[in-house]
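Report on the following structure.
Laboratory data are not the source of any read-out in this text; all were calculated from the coordinates shown. These figures come from a predicted structure and were not determined experimentally. For neighbour counting, all protein chains shown are included, and Cβ atoms are generated from backbone atoms with ideal geometry for every residue, glycine included.
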Amino acid sequence: MGFGTRAVHSGEEPDLPASGDVVVPIHLSATFARRLADKPTSGLEYSRTGNPTRTALERRLASLEGAKHALAFSSGMAAETTLLLSVLKSGDHIVAENDLYGGTVRLFERTLKKFGVTVSYVDTRKPSEVRRAVRSKTKVVWLESPTNPLMHIADIRKISSIARQAGAITVVDNTFSSPFLQSPLALGATVAVHSTTKYIGGHSDVVGGAVMLSDSELHGTLKFNQNALGAVPSPFDCFLVLRGSKTLHLRMERHSENAQRVAEFLESHPRFSAVHYPGLRSHPQRALAKSQMRLPGGMISAEMKGGSQAVRRFLSRLRLFSLAESLGGVESLVEQPATMTHESLPRQRRLALGIGEGLVRFSVGIEDGDDLIADLKSALS
Ligand code: P1T
């Protein structure tokens, strides 16, 4: 069935003949009674191990991502941590894109390094750099596409094939695209990870994460560690993500339509020297983005002239775009990566990547496009 039908129905069939609920209830029970000690009567034991609301969400997420399996977590970082602790051991090596969400780099550098895991960062816009960086201990190639915040695109098909030949899995953090815009598994990746806090949840009212994959053996290991590590979402959080996901396809179309308008406006404005958005003709990887993504999405970053002072003035004068971290909700947000989402990166590294104080990131919401442009015009005037 089509994406919209799966978004509305998958994992959430009406509960007949029992109650007829057309929406899966929020199953709050922390534990589940059984008749015999050695066998759970309903198949359920304890809510960290499994919960019916979470099962419904996991079925929905697997269906949307075109995966056999999905696992839900209490945050995007919890999903990443559980995945990495499941596939790595001391001495192993990761090849990762240079430009990643700051929290992912922090996990690699400040947490995993202590356990003897090393990471080589490369520019995944050039698959040859991945080929050069892989070695016998490389277990994971970690991509974001588009990247946060510079909107670089990785050729998922080519890089997955390089990783496979090297005996490594390819993980794509698909948060910026959402499952509606891009299907990494169909392009050859082993695993897709998401911060469901963003587009999948879609309403900035829940923090969550997910891992989707079709490899059943790896799924078994991950399921074991979902329970062993315990970073599971609450039943209420699962309900919110399930509810949000029903309109994902509609929202992504509007996010993309509005972002295209905003990107074109910023590009034509004399106060911006560069605009990074895969829907613009000026994006050097527009054709690759088009071949992997249904639409260019709702995220834009842009380089403002006049440095930090100009950025601060602009950010404080916006009215519809709230100054806040995060992205992917129905409301428009704006932020300065250097002082907010990517503040945890060492300054030298940030500057070398091109994340200076002049860079502004927009998460374009689903409001009326005319109002968003009017807000930008007024803040810039
Ligand atoms: O915040 P959390 O749900 O734990 O997700 C972490 C995460 C993972 N991957 C990507 C690409 C992300 O952007 C994030 C979170 N990002 C922000 C909060 C942000 O404003 O960029």
Hull surface over four for the Cα convex hull of region 248-380, reported in nm², is 7.9
Work through the residues other than residue 310 whose Cβ is under 10 Å from its Cβ and net out their charges, Lys, Arg +1 and Asp, Glu -1. +3
Between residue 268 and residue 343, what's the calculated FRET efficiency when r is the beta-carbon distance and R0 is 30 Å? Round to 0.05. 0.50
Given a Förster distance of 30 Å, the FRET efficiency implied by the Cβ-Cβ spacing of residue 16 and residue 250, rounded to the nearest 0.05, works out to 0.65
Hey, rough spin-label estimate for residue 228 and residue 45, points 7 angstrom out along Cα→Cβ, what's it come to in nanometres? 1.4
Helix 216-229 sits off the longest principal axis of the Cα atoms of the chain, rounded to the nearest 10 on a 0 to 90 degree scale, by 90
Run the numbers on the chain and let me know its relative contact order in percent, using alpha-carbon pairs under 8 Å that are six or more apart. 17
Between residue 309 and residue 118, the two model label points (7 Å from Cα along the beta-carbon direction) sit apart by a distance in nm of 4.6
Residue-by-residue Karplus 3J(HN,Hα) for region 109-122, coefficients 6.51, -1.76, 1.60, Hz, glycine and proline x: 7, 9, 10, 5, 4, 5, 9, x, 9, 10, 10, 10, 9, 9
Rounded to the nearest 500, what is the 222 nm mean residue ellipticity of the chain from helices alone, with -39500 (n - 2.57) per DSSP H run of 4+ residues and division by all residues? -11000 deg cm²/dmol
Only Cα pairs under 8 Å and at least 6 apart count here; give the relative contact order of region 248-380 as a rounded whole percent. 29
Show me the trypsin sites (Lys or Arg not before Pro) within region 73-115 that DSSP assigns to loop and that have at most 11 other Cβ atoms within 10 Å of their Cβ. 89
What does the charge add up to near residue 374, with Lys and Arg as +1, Asp and Glu as -1, over the other residues with Cβ less than 12 Å from its Cβ? -2
Once you've got the GNM for the chain with C-alpha springs shorter than 10 Å, pick whichever of 102, 20, 328 has the biggest mean-square fluctuation. 20
Of 224, 176, 239, which is the most mobile in a GNM of the chain whose springs link Cα atoms less than 10 angstrom apart? 224
DSSP loop GluC sites (Glu not before Pro) with at most 16 other Cβ within 10 Å: longest gap in the chain: 46-324
Per-residue HN-Hα couplings for region 277-283 [Karplus 6.51, -1.76, 1.60; θ = phi - 60°; Hz; x = Gly/Pro]: 7, x, x, 8, 4, 6, 6
What angle do you read, to the nearest 10 degrees and between 0 and 90, between the alpha-carbon axis of helix 369-380 and the longest principal axis of the chain? 50
Gaussian network model of the chain, Cα within-10 Å springs - most flexible of 170, 111, 341: 111
Based on the Cα atoms of region 181-242, what semi-axes does the equivalent ellipsoid have, where each is the square root of 5 times one gyration tensor eigenvalue, given in whole Å with the largest first? 21, 18, 7
For region 61-76, in order, what is each residue's ³J(HN,Hα) by Karplus, 6.51 cos²θ - 1.76 cosθ + 1.60 with θ = phi - 60°, in whole Hz (x at glycine and Pro)? 5, 4, 4, 5, 7, x, 10, 6, 9, 9, 10, 9, 9, 6, 6, x
How far is helix 235-245 tilted off the main Cα axis of the chain, in degrees rounded to 10, range 0 to 90? 50
Taking the chain, the whole-percent share of alpha-carbon pairs separated by over 36 angstrom is 23
Net charge near residue 275: determine it from the other residues with C-beta under 10 Å of the C-beta of residue 275, scoring Lys and Arg +1 and Asp and Glu -1. -3
